[in-house]
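To start, the structure itself, in structure tokens.
Read-outs throughout are calculated quantities, based only on the coordinates presented, and are distinct from any laboratory measurement. Bear in mind the structure is a predicted one, so any value in this text is a computation, not a measurement. For neighbour counting, all protein chains shown are included, and Cβ atoms are generated from backbone atoms with ideal geometry for every residue, glycine included.
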Amino acid sequence: LAGNEWKKDPTKVNVGKVEIGGKKVVVAAGPCAVESEEQTETVAREVKKAGASLLRGGAYKPRTSPYSFQGLGEEGLKILKKASEQTGLPVVSEILDARDRDAFARYVDMVQIGARNSQNFTLLREMGKLGKPVLLKRGLGNTVEELIQSAEYILMEGNGNVVLCERGIRTFEKSTRFTLDIGGMVAGKLMTHLPFCADPSHPAGKRELVHSLALASVAAGADMLLIEVHPKPEVALSDSEQQLTPESFSLLMERVRGLASVL
Ligand code: PEP
Ligand code: MN
């Protein structure tokens, strides 16, 4: 179902009034993690002003160490919903466990499946049944073909609203946190009709690299960008090194507009 041999015309995924996979690049921006109402509302206002059309933010965080900040859980989803109502930006947030599906159904407009759950086939099927648009990230050790096969699990439950996300893979290269596989994204776009998002923040691992990776992704044909932005990155509870300030994000949006038309 996800393959190009099955469906030739590019799929457009609608999240509220936002169309992903059309002529315009869609930008989702917001904090790595929802930390407080004030932090989330501030950043939502700022990214909206700069031209983002979706608000991202993690409420359930998949942290490598169980002692790291795990996110605010359902309380975080409520904060996102409130920020969404204030700004009109639909919300994308990551689900870790299908048992939280009702909260996601209530508060979130697009459900993210993160890199670590990219092959959690039970969760994929459940998100197919939930019926919300899905942002499906590539696993750290998965090929593009495996990513498309993961999408198949969602599509076969009757949910065709899937956006694939290239977020970098593990390689021997140490100068970046992960290797953003732009070639893989370009090849993937020839294999599937589903739209592709690029997340330059997580592979960069440091904010100095985020602009260039974002621009390279757009130049290579990404339909969507996912960018981490925090009002005060230096005190962020997760991914402090890579989150952009609102000022830097605003500058990035100007640079993206120089390359492509942005929704
Ligand atoms: C995220 O987007 O917040 C995230 C945890 O990303 P990934 O699953 O790509 O690591
Ligand atoms: Mn993050």
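At a temperature of 37 °C and a viscosity of 0.692 mPa s, determine how fast the chain diffuses translationally according to Stokes-Einstein, using the Kirkwood radius over alpha-carbon pairs as Rh; express D in µm²/s, rounded to the nearest whole number.
Reported coefficient: 184 µm²/s.
Identify the residues of the stretch 192-206 with backbone N under 12 Å of a label point that sits 7 angstrom from the Cα of Y67 along the Cα-to-Cβ direction, or state none. Backbone N within reach: none found.
With K and R counted +1 and D and E -1, the other residues having a Cβ less than 9 Å from that of G168 yield a net charge of +1. Distance between the pseudo-spin-label points of A105 and E38 (7 Å out from Cα toward the beta carbon): 3.6 nm. May I ask for the net charge around A216, where only other residues with Cβ less than 13 Å from the Cβ of A216 are counted and Lys, Arg are +1 while Asp, Glu are -1? So the environment of A216 carries a net charge of -2. Residues in the stretch 120-133 carry Karplus couplings, in order, of 7, 5, 5, 5, 4, 4, 4, 6, x, 6, 4, x, 6, x Hz; the curve used is 6.51 cos²θ - 1.76 cosθ + 1.60 with θ = phi - 60°, and Gly or Pro positions show x.
Remark: relative contact order (the stretch 13-257) = 20 percent; criterion is Cα-Cα distance under 8 angstrom and separation of 6 or more residues. By the Cβ distance rule (another cysteine Cβ under 4.7 Å), the unpaired cysteines of the chain are C32. Sequence-ordered 3J(HN,Hα) estimates for the stretch 169-180 from the Karplus curve with 6.51, -1.76 and 1.60 and θ = phi - 60° stand at 10, 6, 9, 6, 6, 10, 6, 10, 5, 9, 8, 5 Hz, glycine and proline given as x. The ranking of R167, R45 by Cβ neighbour count inside 10 Å, starting from the fewest, reads R45, R167. Each Cα pair under 8 Å and six or more residues apart adds its sequence gap; the mean of these over the residue count of the stretch 32-175 is a relative contact order of 17 percent.
Give the order of Y60, Y107, Y67 when sorted by the count of other beta carbons within 10 angstrom, beginning with the fewest. Could you put the intermediate results ahead of the total?
Working: Y60 23, Y107 19, Y67 7.
Listing Y60, Y107, Y67 from fewest to most nearby Cβ atoms yields Y67, Y107, Y60.
Neighbour counts of other Cβ atoms within 10 Å put K48, K61 in the fewest-to-most order K48, K61.
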